[in-house]
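The values are calculated or read from the model by the stated rules, or taken from the named source; none is laboratory data. For clarity, every value in this text was computed on a predicted model and none was experimentally measured. So basically every Cβ, Gly included, is an ideal-geometry build from the backbone, and we count neighbours across all protein chains shown.
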Amino acid sequence: MNMKTLNILTFTKTRKNSKSLKKEDVRNKMNKIKIYFPYESEDYDQKKFGFGYSPENIDVCLVSEGLPLEKKWERFTIEIRYGLLPDFLITDLNLPTCSSKMKRIITENCRNSEDINWLPIDVSYDKTLIEFYILHVPHYIPNVIDLEKSDRDGDVIFFPHFRQDLIQDKDIFASEDDTTAIYISERLRNILENENLPGLGFESWEAS
């Protein structure tokens, strides 16, 4: 799948060999909380969920940088050329794209839902236009990633570590280091997971 790329900091999650924890590490671990990144489910390809193709004139940078707040949003159509329609749709824009059902669940349960800007789009599926939404959080939290505690190599962050004091009252937030990524609390993640939304999975990181 070819993604429209952004010239921004990229988060890459990798696995490393685990080491035995020291007593201090155990104490620190008890003070940590989990932060989640909505991502395609592990069975996305196996269940043959579709992939969304956007029009060539759509600039992902303009969407992610908050232009919809500065001018009237003009909805466009994303095309699914093959596969089934999930509630969490993966597209070439690489932006969280949600069904009306997923939007409703988040809106009803997110403690800071006023921070979300839902951008309506149409998804062309089986000769029908279905309303979906790009989940956009226009106000980014500065310095929410603790670079000292994060596992990184130069500008590439392998394991971001978040500052708990800046996000303790938020169920959803965005970082100024990656304007396309949306992060959610463990509370909201559990609610979404219990809904069994097709196509939706999660990557996890930590905050303290």
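A few comments on the model shown:
- Breaking point among (1) out of contact with any His (no Cβ under 9 Å at 6 or more places or on another chain); (2) over 23 Å from ILE105 (Cβ atoms), for LYS170: (2)
- Selection within segment 139-163: residues that are under 14 Å from GLU206 (Cα atoms) and under 17 Å from the mean Cα position of the chain (by Cα). The member of this set that is surrounded by the most Cβ atoms within 10 Å (Cβ to Cβ) is PRO160.
- Selection status of ASP126, out of contact with any helix residue (DSSP H, G or I) (no Cβ under 7 Å at 6 or more places or on another chain) and more than 16 Å from ILE33 (Cβ to Cβ): yes
- When LEU93 is tested against (1) aliphatic (A, V, I, L, M); (2) in contact with a helix residue (DSSP H, G or I) (Cβ under 7 Å, 6 or more places away or on another chain); (3) not in a loop (DSSP other than H, G, I, E, B), only condition (3) is not met.
- Residue in segment 117-134 that is surrounded by the most Cβ atoms within 10 Å (Cβ to Cβ), counting only those that are under 20 Å from the mean Cα position of the chain (by Cα) and touching a residue at least 60 places away in the same chain (Cβ under 8 Å): ILE134
- Pairs where the first residue, in segment 29-55, is at pLDDT 95 or above and the second is of a type in the set (Lys, Arg) and loosely packed, with under 11 Cβ neighbours inside 10 Å, C-beta under 7 Å, 6+ apart: TYR53/ARG81
- ASN143 touching a Lys or Arg at 6+ places or on another chain (Cβ under 8 Å) and among the polar types (S, T, N, Q): yes
- Selection within segment 174-208 - within 17 Å of HIS136 (Cβ to Cβ) and either outside any strand (DSSP E or B) or of a type in the set (A, V, I, L, M) (or both): ALA174, GLU176, ASP177, ALA181, ILE182, ILE184, LEU188
- For first residues located in segment 135-147 and on the phi > 0 side of the Ramachandran plot, partners that are crowded, with 16+ Cβ neighbours inside 10 Å and not in a loop (DSSP other than H, G, I, E, B) and lie 6+ apart or on another chain with Cβ distances below 8 Å form the pairs ASN143/LEU166.
- Matching entry among ASP165, ASP92 (being acidic (Asp, Glu) and within 23 Å of SER41 (Cβ to Cβ)): ASP92
- Checked against the criterion of being in a loop (DSSP other than H, G, I, E, B), at pLDDT 95 or above and surrounded by fewer than 18 Cβ atoms within 10 Å (Cβ to Cβ), the candidates ARG104, ARG111, ARG75 yield just one match: ARG111.
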